[in-house]
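The values are calculated or read from the model by the stated rules, or taken from the named source; none is laboratory data. Source: prediction; values computed, not measured. Neighbour counts are summed over all protein chains in view; Cβ atoms, including those assigned to glycine, are modelled from backbone coordinates with ideal geometry. Ligands, DNA and RNA are stripped out before the accessible areas are found, and what is left, the full protein with its side chains, is counted by its heavy atoms. Shrake-Rupley method; radii C 1.70, N 1.55, O 1.52, S 1.80 Å.
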Amino acid sequence: MQIKKLVIEDETAIGSMIKFALESEGYQVTLTENGRDAQDALSRELPELKLVDWMLPGTSGIELIRGFRRQAATLRTPIIMVTAKTGEEDLLSGLEAGADDYITKPFSTRELLARINALLRRAEAFDDGEGTLEMGDIILDPASHELTISGQSVTPGPTEYRLLKFLMQHPDRVYSRGQLLDYVWGENVYIEERTVDVHILRLRKLLRKHGVDNLLQTVRGSGYRFSTRPKE
């Protein structure tokens, strides 16, 4: 079965290049040029991955991604933001909006395909039927992909879910940013270490709403850990 992709890109030449490259790899691609057409496409069929341009007519790519993360049907779909913006603040804004990865123009189709394949591999690797994980008031069930905190259902973003799952699988152990990139994002991916900090911050904000952010601990000079022990 072909893996379906939704590409939202208003520059015709770039959109056509992406579509051709993905279809050459056997992917099924729907190409749209704005948010309205993208929503129409989603109403007909849900893709396994989205590529979203930042600068779109009408609704921006940032606004679209935020909307996708608020909808149950598209909450966990991997998203790559495609943009000409190269500043660090732009990168952080894209990730904080809910993008899983970020690629800047101009880019090669080889790099784009590597990012797509890495994102799909790690999404598949974490979509398994392992036993339920429990720590304090947090219960994560990989089989049903459900997270509850103090009995309340919680819906993290896809990267935050994978990050939380990995840390809960290895309690009390400290992981550096580089190690988390390798284990959670996958080896040989084109992602900078500060990306880890952004997703840790988003996960911590989610946990703080339920009063359990003390479990996600920063170990100065070393990295992060998930632990019920008091922070050192």
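Structure notes:
- Subset tally (residues that are farther than 19 Å from G94 by Cβ and not charged (D, E, K, R)) for region 48-82: 2
- Restricting region 15-72 to residues that are open to solvent by less than 30 Å² (accessible area, probe 1.4 Å), assigned to a strand (DSSP E or B) and in contact with a Gly (Cβ under 7 Å, 6 or more places away or on another chain) leaves a set whose member that is farthest from P156 (Cα to Cα) is D53.
- In region 201-227, the residues that are open to solvent by less than 70 Å² (accessible area, probe 1.4 Å), assigned to a helix (DSSP H, G or I) and under 27 Å from S93 (Cβ atoms): R202, L203, R204, L206, L207, D213
Condition check ((1) open to solvent by 10 Å² or more (accessible area, probe 1.4 Å); (2) of a type in the set (S, T, Y); (3) more than 13 Å from the chain's Cα centre (by Cα)) across all residues:
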site: I80; (1), (2), (3): no, no, no
site: E96; (1), (2), (3): yes, no, no
site: D100; (1), (2), (3): no, no, no
site: L120; (1), (2), (3): yes, no, no
site: D137; (1), (2), (3): yes, no, yes
site: T159; (1), (2), (3): no, yes, no
site: Q169; (1), (2), (3): yes, no, yes
site: D172; (1), (2), (3): yes, no, yes
site: R177; (1), (2), (3): yes, no, yes
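- Any hit, region 50-64, residues being touching a residue at least 12 places away in the same chain (Cβ under 8 Å), in contact with a strand residue (DSSP E or B) (Cβ under 7 Å, 6 or more places away or on another chain) and of a type in the set (D, E, K, R): yes
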